[in-house]
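These notes are about the structure you will find just below.
The values are calculated or read from the model by the stated rules, or taken from the named source; none is laboratory data. Model, not experiment: these values are computed from the prediction. Glycine also receives a Cβ, built like all others from the backbone with ideal geometry; neighbour counts cover every protein chain displayed.
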Amino acid sequence: MTTPTAPDNNADHKVSNFLRQIIEKDLELGTYASRRWAGSPGDAAHHAAGQPDPAKIRTRFPPEPNGYLHVGHAKSICINFGLAKEYGGVCHLRFDDTNPEKEDTEYVNSIIDAVKWLGFDWAQLGQAAGSAAPYQASDYFDFMYRAAEALIEAGYAYVDEQSAEDMRANRGDFGKPGVDSPFRSRTVAENLARFREMKGGKLADGAAVLRAKIDMASPNINMRDPAIYRIRRATHHHTGDKWCIYPMYTFAHPIEDALEQITHSICTLEFEDQRPFYDWLMERLCECKLLAAPSPKQYEFARLNLTYVITSKRKLAQLVNEGKVSGWDDPRMPTIVGLRRRGYTPESLRLFADRIGVTKSDSWIDYSTLEGCLREDLENKAHRGMAVLDPVKLVLTNWAEAFGSDGYTEACTQPALPHSAIAEGQTPPADRTFQIGKEVWIEREDFEEVPPKGYKRLSPPKVNPDGSTSPGAVVRLKGGYVIECTGCARDAAGQVTEVHAKVIPGTKSGTPGADSVKAKAAITWVSVADGVKAEVRLYDRLFAEAHPDAGGKDFLQSLNPDSLKVVTAYVEPSLAGAQPDQKFQFERFGYFVADRLDHVAGAKPVFNRVTGLKDSWGQ
C-alpha cells in the first residue's frame, strides 16, 4: 500500500511529473503554435474572438452524464483544470452524451455544480465572453456522421450485420486472432447505402453496426475492427429524436478532441489500449481532409485507487437502489455530492489531488490520506464548540451555597479559534459565550465509580484499606470552574442518572484564582440552562475492509455495520445558529458540519461527523 508524501504546494514550485514534462516540452518546441483557433466546427459552436495564445495548452474533462461524479473524477478534474490554469491554457468541460438511454439532465446539472464547487470555472480559464456553456458531444453528431461516411468512402469502414454473438466469437481473444466478418468485403456503394438505411431508421436496433476496417489479427483486440456506430432508438436529452444511430464513445471522443483543438487529451490508464485507435482515427480523418494536423495526443495516468472505497458506478448505483445508503448524496458515499454533504471542502480535495500526485503506475492510497487533507484544511478554519454526545447530568450540589441561588448562572467565554490558528494580521473571531449553572451535561464516559488505573476524570471519594476516605477526583469544567466529585445517583436498574460534585468558588478560568486548585483534567460540558438539543450523525467509513471487492467477492459483505449512528446530543448555544454546511470542531470529538439539507438554523440542529481529530483506523 502506497501513501505518497506531500509535495511542495507552492504554486511557483510545482512538483514535476510526466504530464508537466510533456506539456513543457510541447510549449518549448511550439508543437501547437501553428494552430488556428478559429474556424473549426468546435469553434463555430462555442468560441468567439479573444482566444488565448494558440501556443498554450487545451485540456478537457469529458464525463458521460449518466451518474454522479465521485472522488476519482475529482482527481481528474483537478488535473485537467489545474494544468490548464497553471500553463495559461483552457480546459473544456464536455459532456460525452453518446448513450441516450442512460443519460439525463439531472446528471448534467450535478456535474456542472460539482466542477464549480471544486473551484474550477471553464468560463474563466481563457474562453471568451458568451462561451461559458459546456461542450457536448451531441453538438458534433452531424460532423461525426460525415466522418463515418468519409471513412466508408475511403475503404476504412463497413456495415456489419453479424449477430452480436457471432461478432463476439469472431473477434478472437488474446491467444487467437479474429476472423473477418462475411460483410467485410462489401463495396463502398453497398456500405454507404446500408449505413444510410441505418440512419434512416430502416433497420432494427442491433441489426447492424458500422465498424472501422483495421486488422482482425491485431494483437491489440481494440484494433480488430471496432464498432464505431450502432442503432439505438432512444430519445436523447439534447437532440431529442433526431437520431436513431449514435457514435460509440471510442469513435466520438477523438473527434471531439480534434474539433475543440485539444492539445493534451488526459485520461486514466484503462484507456491506454484505446490509444492506437485514437491515433489511427486522427490519421485517417486528416487523410480524408476532414481534420488538420497537428492532432491531439492522448496521455494516460493511473486512476485513483482509494482504500475502503468503491468507485464503480454500477456498484454505487446498487448501494442506492438496494437502500444500503440514503441516496447518491449520502455522506458515506464517495460521490462528490456525498463528500460535500459529509463536510469535505473543495480545498481539501484539491490538496488531496496534489498530494497523491500523478503517475503511470497503479498504487493504493490509504483513506487516511484523504482525511488528513481535510483535517489540515479545517484546522485553522473550523470554529470550536463543545458538544456532549452521550449525556449524563452533572449536579453541582453546593451551587446555591456558593452563589446564593440555585437559579444563578454565570457567563463563560472561550475563543472561537485557538490563538495558534489565527494568522498574523488576521482579526480573531468573536469569543464564544455560554452559561454555567447548577446543572450541566457531561459525557457519560467522564464518570467512573470504580476508575481504572490512570483514569483522571470524575470519580467519587473512595474508602482506603485503613478506613480513611480519599476525596473525589478534582477536574475543571473547561472554560468554567474546578469541581470535586462527591458521588452519583442511580435508577432501579443500576444505571447512573446523575453525577454529583461540588463547585470550588474562585477557580473560574480566566480569573486570578484559576490556578489556585490543581485539577487532574479538563472535561467538556454543556449547560442545562442554555444548551441546545441536537441530532448528531456519527458517520464512519462505509466499508469495514480496505478492499471491499477484492478477488471478486460480494462487496456488500464488507459493509461496515457501524458506518452510521444517530445520537441525541447537547451543544453549546454558539452552535445553535450554525448555517447549513458550516464546519466546526467539536472539542475532543473531531470535525462536524451542519447538514446542508436537513439542518435549519433556529430549529433543532443536525450535525454530521466529518472526521475525527486523528486517524483511529490505523490502529
Filter result (closer than 15 Å to residue 363 by Cα and either in contact with a Gly (Cβ under 9 Å, 6 or more places away or on another chain) or not acidic (Asp, Glu) (or both)) within the range 280-309: 301, 302, 303, 304, 305, 306, 307, 308, 309
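Kindly indicate whether residue 43 is assigned by TED's automatic domain parsing to the domain that holds residue 112, at pLDDT 90 or above and among the acidic types (Asp, Glu). Explain how you work it out, then say what you get.
On the way: assigned by TED's automatic domain parsing to the domain that holds residue 112: yes; at pLDDT 90 or above: no; among the acidic types (Asp, Glu): yes.
Criteria not met by residue 43.
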Output yes when any residue across the range 312-325 is within 30 Å of residue 429 (Cα to Cα), among the β-branched types (Val, Ile, Thr) and in contact (Cβ under 8 Å) with a residue 24 or more places away in the chain, and no when none is. no
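I'd like to check something: does the range 355-371 contain any residue that is assigned to a strand (DSSP E or B), touching a strand residue (DSSP E or B) at 6+ places or on another chain (Cβ under 6 Å) and either buried (at least 17 other Cβ atoms within 10 Å of the Cβ) or not hydrophobic (A, V, I, L, M, F, W, C) (or both)? Write out each step before concluding.
Pass one, the range 355-371, residues assigned to a strand (DSSP E or B): 364-365.
Pick out the ones that are also touching a strand residue (DSSP E or B) at 6+ places or on another chain (Cβ under 6 Å) and you get 364-365.
Next cut, either buried (at least 17 other Cβ atoms within 10 Å of the Cβ) or not hydrophobic (A, V, I, L, M, F, W, C) (or both) only: 365.
Checked against the condition, which is being assigned to a strand (DSSP E or B), touching a strand residue (DSSP E or B) at 6+ places or on another chain (Cβ under 6 Å) and either buried (at least 17 other Cβ atoms within 10 Å of the Cβ) or not hydrophobic (A, V, I, L, M, F, W, C) (or both), the range 355-371 yields at least one hit.
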Search result, residues across the range 259-270 that are surrounded by 18 or more Cβ atoms within 10 Å (Cβ to Cβ) and either under 25 Å from the mean Cα position of the chain (by Cα) or free of Cβ contacts under 8 Å to residues at least 60 places away in the same chain (or both): 264, 265, 266, 267
Scanning the range 531-553 residue by residue, those over 25 Å from the mean Cα position of the chain (by Cα) and in a strand (DSSP E or B) turn out to be 532, 533, 534
Condition set among the polar types (S, T, N, Q) and modelled with pLDDT of 95 or more, scope the range 345-367, selection farthest from residue 582 (Cα to Cα): answer is 348
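Tell me, which strands (runs of 3 or more DSSP E) lie completely within the range 201-261 with 1 or more residues that are closer than 18 Å to residue 284 by Cβ and among the aliphatic types (A, V, I, L, M)? Step through it out loud before you land on a result.
On the way: elements: 209-212, 227-231, 245-247.
Of the strands (runs of 3 or more DSSP E) lying wholly inside the range 201-261, those with at least 1 residues that are closer than 18 Å to residue 284 by Cβ and among the aliphatic types (A, V, I, L, M) span 209-212, 227-231.
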Residues (over 16 Å from residue 381 (Cα atoms), touching a helix residue (DSSP H, G or I) at 6+ places or on another chain (Cβ under 8 Å) and not hydrophobic (A, V, I, L, M, F, W, C)) located in the range 573-613: 595, 596, 605, 608
Return the only residue of 472, 467 being in the same structural domain as residue 394 (by TED's automatic domain parsing) and either β-branched (Val, Ile, Thr) or at positive phi (or both). 467
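Is it fair to say residue 295 is assigned to a loop (DSSP other than H, G, I, E, B) and not assigned by TED's automatic domain parsing to the domain that holds residue 206? Spell out the reasoning first.
Numbers: assigned to a loop (DSSP other than H, G, I, E, B): yes; not assigned by TED's automatic domain parsing to the domain that holds residue 206: yes.
Yes, satisfied.
Going by what's in this entry, would residue 408 be described as aromatic (Phe, Trp, Tyr), touching an Asp or Glu at 6+ places or on another chain (Cβ under 6 Å), surrounded by fewer than 19 Cβ atoms within 10 Å (Cβ to Cβ) and more than 15 Å from residue 588 (Cβ to Cβ)? So that I can check it myself, show each step before the final result.
Values: aromatic (Phe, Trp, Tyr): yes; touching an Asp or Glu at 6+ places or on another chain (Cβ under 6 Å): no; surrounded by fewer than 19 Cβ atoms within 10 Å (Cβ to Cβ): yes; more than 15 Å from residue 588 (Cβ to Cβ): yes.
Considered against the rule, which asks whether it is aromatic (Phe, Trp, Tyr), touching an Asp or Glu at 6+ places or on another chain (Cβ under 6 Å), surrounded by fewer than 19 Cβ atoms within 10 Å (Cβ to Cβ) and more than 15 Å from residue 588 (Cβ to Cβ), residue 408 comes out as no.
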Tell me, yes or no, whether the range 504-523 has at least one residue that is surrounded by 20 or more Cβ atoms within 10 Å (Cβ to Cβ) and either under 21 Å from residue 611 (Cβ atoms) or under 42 Å from the mean Cα position of the chain (by Cα) (or both). yes
